[in-house]
Each structure stands twice: as structure tokens, then as C-alpha cells.
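Structure record follows, encoded as C-alpha cells.
The values are calculated or read from the model by the stated rules, or taken from the named source; none is laboratory data. Here the structure is a predicted model, which is why all the values come from computation and not from measurement. Here the Cβ positions follow ideal geometry from the backbone for every residue, glycine too, while neighbour counts run over all protein chains shown. The area values use the complete protein model at the heavy-atom level, side chains included, leaving out ligands, DNA and RNA. Shrake-Rupley method; radii C 1.70, N 1.55, O 1.52, S 1.80 Å.
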Amino acid sequence: MFILILFLVAVSGVVYFQTDLLRMVEKEPGLSGLVSVRGGVSLEQLKLTAGEIGIINSAVDRYRDTFTGVKLVVDSVGRIDHVEPGTVLVMAVELQTSGELVVKSWSRKLPRSKLVAQLTSYMAKAADEYNEFKRFPDVKQNFKTLYI
């Protein structure tokens, strides 16, 4: 009986420690569910850092009342195997609104290192412009896409 109890305690200890019940394992932060990335360069190839993901998620949260979704289209200039900070990319942004209107950016070339800063800067400008645009309901009826 003593050996059986000792065996159960040992198995319980192994299971406890092997399943990391003692440690709170911090998961990598994920990009907000409101953000989608498409185009020739995948999200995995961009290798966003935890800090960059936090910056994007903060911007998405800040403008959540204005934009209901963010579509980031990223392509490369020429063929690339992996993305470096200096790799030149082509970025365009499409911001969904609660209405039928979509706010889009023109495509722009930029190095990978400036992608997050440009995205968040664009979101701020687009939010200001869209809020100004909403002040004129008679004009708003005539547009489905607003390019900024």
C-alpha cells in the first residue's frame, strides 16, 4: 500500500511539472483580430516584433470607434526570400467603417523598418479626415471609397 501511494505521488509530481502548471507561460502577443494582412508578403515574412504588434494593436484600439477593420496589403519590390529592415515594400491600407464607406490609402514604397510607423500614422490621419468628411452628410452619400 505504501509503495502504491508513493508511486501515485511520484506520477502526480511528474505530470504537474511536465505540464508547466507551476509556470505561467506567457504567449506571444497576437495581432488584433480586426487586422488582416494580405498581398505578396505574408504576416510571417514581416516578422513583427512584440513591440510592433503592441503599437499596431494600440492604434486599432484607439480608432475602434472610427474603423471596424484594417486591411494591410503588403507586396515586395521584386522577388524576396526574406524580409530585412531595409527591404523595400509596397504598402496600401484599407480601413473599414461602420457604414458603407471604405477609407483607402494610395500605395507607397517604404523600407520594412518604417512599416509600422507609416501604418499608425496613416490611421491617425485617416481618422481625422474621415471624421471631418462625416460632418457633411450630403457629400457622404455620393462616395463609397475615400482615398487619403
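Here are some notes:
- Among the candidates Lys114, Lys109, residue that is more than 16 Å from Tyr147 (Cβ to Cβ) and not in a helix (DSSP H, G or I): Lys109
- Residues satisfying the stated conditions in region 39-53, i.e. part of a loop (DSSP other than H, G, I, E, B), open to solvent by 40 Å² or more (accessible area, probe 1.4 Å) and touching a strand residue (DSSP E or B) at 6+ places or on another chain (Cβ under 8 Å): Gly39, Gly40
- Among the residues of region 27-59, those that are within 30 Å of Phe133 (Cα to Cα) and within 8 Å of the chain's Cα centre (by Cα) comprise Leu31, Ser32, Gly33, Leu34, Val35, Ser36, Val37, Ile53, Ile56, Asn57.
- Within region 58-74, the set of residues being open to solvent by 40 Å² or more (accessible area, probe 1.4 Å) and touching a strand residue (DSSP E or B) at 6+ places or on another chain (Cβ under 6 Å) comprises Thr68, Lys71.
Each row is one residue, and each column tells you yes or no for (1) of a type outside the set (Asp, Glu); (2) touching a residue at least 40 places away in the same chain (Cβ under 8 Å); (3) crowded, with 18+ Cβ neighbours inside 10 Å.
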{"site": "Ser76", "(1), (2), (3)": "yes, no, no"}
{"site": "Ile80", "(1), (2), (3)": "yes, no, no"}
{"site": "Glu84", "(1), (2), (3)": "no, no, no"}
{"site": "Met123", "(1), (2), (3)": "yes, yes, yes"}
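- Region 1-38: number of residues that are surrounded by 10 or more Cβ atoms within 10 Å (Cβ to Cβ), assigned to a loop (DSSP other than H, G, I, E, B), of a type in the set (Ser, Thr, Tyr) and modelled with pLDDT under 85: 0
- First in region 53-68 and under 15 Å from Gln118 (Cβ atoms), second anywhere and open to solvent by less than 20 Å² (accessible area, probe 1.4 Å) and basic (Lys, Arg), Cβ under 8 Å, 6 or more apart: none
- Residue match in region 91-98 (condition: open to solvent by 50 Å² or more (accessible area, probe 1.4 Å), modelled with pLDDT under 90 and over 21 Å from Gly30 (Cβ atoms)): yes
- Members of region 99-116 that are among the small types (Gly, Ala, Ser) and either open to solvent by less than 60 Å² (accessible area, probe 1.4 Å) or in contact with an Asp or Glu (Cβ under 7 Å, 6 or more places away or on another chain) (or both): Gly99, Ser105
- Residue match in region 94-105 (condition: under 18 Å from Ala59 (Cα atoms) and in a helix (DSSP H, G or I)): no
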